[in-house]
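A.B. asks: Got a structure here, written out as structure tokens. Questions coming.
What follows draws every value from the coordinates through simple rules; no lab data is involved. The shown structure was predicted, so the numbers you read here are calculated from the model rather than taken from an experiment. Because the Cβ atoms are built from the backbone with ideal geometry, glycine has one as well, and the counts that use them run over all protein chains shown.
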Amino acid sequence: MKKIFPVIILLITLSLIGIIYIQVNWVRTMVENKEEQLREKVSNAIASVGVELAQQKATFPSIKNFRFKPGEAFHPTDQIFNELLKPTTIAQRFTVNEIAEKLQKAFNNVGLKNTRFEFGISSDFNLITYELHSPNFIQVAEDTIHNSATVYLLQEASGTLINNLTPEEALCVVVPNFKSIVLKDLRVMIMFAIFFTLVIIAAFYLTVRTLLQQKKISEIKNDFINNMTHEFKTPLATISLAVDALRNEKVSQDKQKSNYFSSIIKEENKRMNKQVETILQAALLDRNEMQMNLFPVHVHEIIKDVVDNFKLQLEDKHGKAELHLNASNDQLMVDEVHFTSLVSNLIDNAVKYSRDHVHIAVTTHSSNKNFVLRIEDNGIGMNKETQRRIFEKFYRAHTGNLHNVKGFGLGLSYVKTMVDAHHGKIRVESTIGKGTTFTLDFPFRTNHELTEDNKQASP
């Protein structure tokens with residue numbers, strides 16, 4: 001599993017990168033195609049207007065309105081030819097509104113009804129000066145990044161009578177915010193592409209997260225099985241040896257020895273029952289089936305009893321426990337059994353994760369609202385990662401070369417659950433090599449408050 005897992009992550013990552021790359025290229029190609037289609041439509045619309053204007057440019061000017069000054073000699077032939085030879089431009093023949101109407105009609109014919117445009121007619125092909133232009137043409141023509149310009153040369157057909165007699169002209173049409181128009185037309189497709197890309201990324205994240213969780217669960221399961229096997233194997237081996245000893249005739253005939261080995265079997269049996277009870281208790285906590293029986297209890301008495309129970313273990317490690325029970329009010333509404341187990345787990349944890357000459361200080365103090373319990377030891381301490389995960393179920397801190405620590409990793413998880421069940425708070429402070437301090441805060445709750453809570457909880 002350890003070797004396959006990185007390969008799976010790598011394959012999924014490569015697949016995700018490939019899919020996103022294809023999606024991005026597809027969107028880019030789609031935008032480019034749409035831009036090309038839009039440019040073609042604009043070019044067709046402008047070309048249709050340009051052809052019409054070029055045809056108008058190639059026609060003879062009308063002479064029906066020729067007027068002569070009084071007393072001027074009439075030379076009709078010279079007058080006509082002079083007028084014909086006089087340069088005529090599109091700007092002189094049409095107004096801005098007339099050309100705008102022609103362009104709008106052409107845009108409508110190619111399906112660009114709501115497309116905004118600006119235009120100008122230049123008297124030279126270099127597009128330096130414009131004889132005629134729409135109001136905002138100069139402004140939009142300067143922005144070549146966001147706007148698209150199309151130029152059509154207004155040249156009369158070859159072979160006409162006035163070919164090459166009129167000035168060169170060009171029609172320039174600018175479509176503002178060209179890319180915005182394209183993106184607006186494709187917004188639905190782009191939104192779908194982004195949405196499905198996000199779905200793929202989310203699926204990738206959930207897949208990796210699930211794999212990591214499964215890996216973690218697998219490791220926890222293996223650790224739990226190993227711990228449970230070790231915890232049960234030792235008492236079973238002891239019971240087996242005691243039974244074999246009882247079968248010995250010399251032992252069976254010696255009442256004192258028989259009682260000794262019988263007491264060993266009983267103690268190991270109690271030890272196994274305690275381990276089974278711990279596992280069953282954890283299962284009940286998982287299903288939220290733990291029943292709390294809250295009564296007013298003097299917790300100082302509980303603390304004293306628990307510490308007394310650890311005297312032998314402390315003596316074995318040449319250690320001691322000091323009590324500084326300074327709380328003026330130690331009466332709390334608690335479940336006596338679970339609160340006792342809570343304190344016992346913390347003391348047990350301090351003893352297990354300490355070397356010789358262990359020193360445990362249990363301190364209490366109270367305020368008007370809270371009872372504070374502080375358990376401090378001079379044990380091996382914890383790093384930041386362990387402090388962060390210490391209350392996770394089945395998690396056990398790495399103890400380096402200290403291999404005598406037993407358990408399932410359920411003690412502190414149970415403590416956290418019980419503290420929460422009593423509406424309390426718990427925090428841990430620790431330094432490697434110096435020790436650990438657990439601080440618990442419990443609110444004072446009266447019978448009246450419990451009764452009110454029960455009423456609110458009742459349907």
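A.B. asks: Over 32 Å between Cα atoms, which of 216/369; 270/384; 216/416; 105/179 qualify?
C.D. replies: Over 32 Å Cα-Cα: 216/369; 270/384.
A.B. asks: Right, here's the next one. Under a point spin-label approximation (7 Å from Cα along Cα-to-Cβ), what is the residue 128-residue 385 distance to one decimal in nm?
C.D. replies: Between residue 128 and residue 385, the simple spin-label model gives 7.5 nm.
A.B. asks: Okay, moving on. Amide H neighbours of residue 432 under 5 Å, counting only residues 5+ apart in sequence or on other chains, H built in-plane at 1.01 Å?
C.D. replies: 382
A.B. asks: Along Cα→Cβ, 7 Å out, is where each label goes; now give me the distance between the ones at residue 439 and residue 206 in nm to one decimal.
C.D. replies: So the two model labels end up 4.2 nm from each other.
A.B. asks: A further question follows. Counting only residues 5 or more places away or on other chains, whose amide H sits under 5 Å from the amide H of residue 154 once H atoms are built in the peptide plane?
C.D. replies: The list, which skips near neighbours in sequence, is 169, 170, 171.
A.B. asks: If the chain between residue 44 and residue 425 were fully stretched, how many nm would it gain, using 0.36 nm times the residue separation less the Cα-Cα distance?
C.D. replies: Net length gain for the segment: 129.6 nm.
A.B. asks: Then there's this: What is the set of long-range amide H partners of residue 371 at a cut-off below 5 Å, with H atoms built 1.01 Å from backbone N?
C.D. replies: 442, 444
A.B. asks: Given labels modelled 7 Å from the Cα in the Cβ direction, how far is it in nm from residue 21 to residue 369?
C.D. replies: 5.9
A.B. asks: If you don't mind, there's one more thing I want to ask. Which part of segment 1-45 falls in the paramagnetic zone of residue 189, meaning amide N under 20 Å from the point 7 Å along Cα-to-beta-carbon?
C.D. replies: Answer for segment 1-45: 19-43.
A.B. asks: Right, next: Report ³J(HN,Hα) in whole Hz for each residue of segment 4-18, in order, from the Karplus equation J = 6.51 cos²θ - 1.76 cosθ + 1.60 where θ = phi - 60°; Gly and Pro get x.
C.D. replies: 6, 4, x, 5, 4, 4, 5, 5, 5, 5, 4, 4, 5, 4, x
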